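The values are calculated or read from the model by the stated rules, or taken from the named source; none is laboratory data. Only a predicted model underlies this, so the values are computations on that prediction, with no experimental measurement involved. Cβ placement follows ideal geometry from the backbone for every residue including glycine, while neighbour counts extend to all protein chains displayed. Protein only, heavy atoms only, side chains kept; ligands, DNA and RNA dropped before computing areas. Shrake-Rupley method; radii C 1.70, N 1.55, O 1.52, S 1.80 Å.
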Amino acid sequence: MTESFFQQTLSGNPCTLAMSVAKAAIDVTESGVALSTTCGIYNVNEKAVVQFIIERAEYDGFNSAIEKKVDGQQLSMVN
């Protein structure tokens, strides 16, 4: 199985396409740029950007849940 673009960005040497997908995802999620616009700018597939955003949210949620501890007990993922 090949690594996803998100997994590649966590590695030490992501490919240029993975970095372009990451930049597009950041533009969409943090700067509010329209998906179709940023995909045109970076010349990447919309589906790849959406998948990256999903994987990043899962990763961030998992890490957030790990950081929330009470009396040494791990809490469930609750905002």
Q.
Please determine whether any residue of region 64-74 is in a helix (DSSP H, G or I), modelled with pLDDT under 95, open to solvent by 90 Å² or more (accessible area, probe 1.4 Å) and among the charged types (D, E, K, R).
A. yes
Q: Tell me which residues, restricted to region 1-56, are open to solvent by 60 Å² or more (accessible area, probe 1.4 Å) and touching a Ser or Thr at 6+ places or on another chain (Cβ under 6 Å).
A: 42
